[in-house]
1. Are there any strands (runs of 3 or more DSSP E) wholly within segment 314-380 with 2 or more residues that are farther than 25 Å from residue 460 by Cα, under 33 Å from the mean Cα position of the chain (by Cα) and assigned by TED's automatic domain parsing to the domain that holds residue 479, and if so which?
2. Report yes if some residue within segment 167-177 is part of a loop (DSSP other than H, G, I, E, B), touching a residue at least 40 places away in the same chain (Cβ under 8 Å) and buried (at least 18 other Cβ atoms within 10 Å of the Cβ); otherwise report no.
3. Does residue 241 satisfy the criteria of being among the small types (Gly, Ala, Ser), modelled with pLDDT under 95 and within 23 Å of residue 441 (Cβ to Cβ)?
4. Which one of these is hydroxyl-bearing (Ser, Thr, Tyr) and touching a Cys at 6+ places or on another chain (Cβ under 6 Å): 193, 171?
5. Does residue 250 satisfy being modelled with pLDDT of 85 or more and surrounded by 15 or more Cβ atoms within 10 Å (Cβ to Cβ)?
6. Restricting to segment 73-96, give me the number of residues that are of a type in the set (S, T, N, Q) and in a helix (DSSP H, G or I).
7. Which residue is modelled with the highest pLDDT, if the candidates are limited to segment 253-274 and must be surrounded by 14 or more Cβ atoms within 10 Å (Cβ to Cβ) and among the β-branched types (Val, Ile, Thr)?
8. For segment 31-47, check the following and say yes or no: at least one residue is exposed (fewer than 13 other Cβ atoms within 10 Å of the Cβ), of a type in the set (Gly, Ala, Ser) and more than 19 Å from residue 11 (Cβ to Cβ).
Amino acid sequence: MVSEEYAVILKKLITITETKNLVLANITGYDVSYISKWVNGVKLPATKYIEQINEKLAKCFAEAVITSGRTDELSVLFAVPVTRETAEFEILQQLSAAYRFSMKHHGRHRQEASVPAKVITGNHDAFLFMNTVFKEKMRNAKEGSNLLILGDFCTLLDIDFWKFLEFPNETAPHITIHVGIDLEKLSRDTKYTEQLYIILGRYLNYEFKLYHSDVLKQGNTIIMENEFVIQYSLQSEHSIGICTYISDTALVQDIYNRFYVSFANQQAALAPVKTLGIEDIGFRTAFYSSDKYFFFLTNGVDFLLPTQAVSEFLAEIKASKQVTRQIGQLQIMWDEMMASGEVEFMLPMTSIIRYIETGYMFFTDKEFKMKAPYRKMHLQHALDIMEKNPKITVGVIQASMEMSEYQVTNLSFYSNYTAAFFKKNPQYIRESVCPFYVVANKKLVECFHTFFRQVKQMPMYHHYAYTDIRQKYEQYKGFVERTIDLYEDA
């Protein structure tokens, strides 16, 4: 009679066959972290799956024993005669008996969760249940986890799903949210694009990946890696009719693995990236090869910089010769763009004030705080360039209750009307979070432009050409420069 723990038998079989945990993970279809828990006695496999798990393990170990000619060692280990023909059977018997022994002596508290699926009906109850689940699971989510949403961003917006993810930015977990998006629906109503921008800017520590795919936007399934699966049905009035909740660890992981492949095989319309690169043939080089641009800047004005400010930046980051050369080339491209290109800037008033007071900007891929003398020089330099190129214009969103989301946002938008990217304010994200989103789908780029054109129709938006800016500058120059000096000394 076997009187050894399941973990002990597993370790002995792994040792005698010299089998890696990764091999067992591939054989059983479980993540290697689960195999490690079984081997170390932290958890036991779920009872409902133990038979098939043990059968796969027995076959794997038996093949290894037979191939290496170690049936005699196995006989000693099990204290029963083992031959090539009986190896798989004997291993299966030992694993099954060890599992029963562990369950009997340690109870079910060490078993992997195997809770039956819960079914919740009615929009009110389903909404409350999903809200509770997300608040609990997201609060304790492992850094870098994935949330797979087989549903359409716009439809989920209609049922108020995105409220489930609301956490204070400083406590929000760093997770990647994969979700489908119906670009046709997005293009028909700018409210969806507006809310998409607001959500991207509000949830800075989340990383969104959006996919324009019929397969990924109609599944009505939400999968939180290692946590749960929720399937839901929608009623015609944009409400949830019924939802099913699954928390069985093994089943959740199996569903996750199957559907993660569906996302991995699709090109994202919007994806987070750690850096845009400043290489000779990098993203920025291609991006700044156009002749028409739109920039919505919320984190400082990282264009029209005087040469002295760029030199200070390079000295501050201790740039290598290669980086100095690459930024120099980028600066040349920007100078050419500003000399003859059509460039439209849009800035919230709070962004302008914040820059005047702090000098903070996210320049290329680095944070930079420009000193007071260079900030004054920057303003004058920008005016000089605008005077030479009348195709440079500036729009300002005045502070108001109606436009409050745009005053507090920390997500800038850069577009050449074919490609685009977003830039987060690094002061409000974790170091591990990607500070950029690349918009790789032209239709999605067009949707964002349609949204910003709508912003320009708001009464709080004011558009300025060079003469208007010059007049404002002369009117407020003294106040601006005193403010710069005041905060520089603070």
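1. 360-363, 366-369
2. Among the residues of segment 167-177, at least one is part of a loop (DSSP other than H, G, I, E, B), touching a residue at least 40 places away in the same chain (Cβ under 8 Å) and buried (at least 18 other Cβ atoms within 10 Å of the Cβ), which makes the answer yes.
3. no
4. 193
5. For residue 250, the condition - modelled with pLDDT of 85 or more and surrounded by 15 or more Cβ atoms within 10 Å (Cβ to Cβ) - is not met.
6. Summing the residues that are of a type in the set (S, T, N, Q) and in a helix (DSSP H, G or I) in segment 73-96 gives 4.
7. 273
8. No, segment 31-47 contains no residue that is exposed (fewer than 13 other Cβ atoms within 10 Å of the Cβ), of a type in the set (Gly, Ala, Ser) and more than 19 Å from residue 11 (Cβ to Cβ).
The values are calculated or read from the model by the stated rules, or taken from the named source; none is laboratory data. Note that the coordinates shown come from a computational prediction; the quantities given were computed from them, not determined experimentally. Virtual Cβ from ideal backbone geometry, glycine too; neighbours counted across all protein chains shown.
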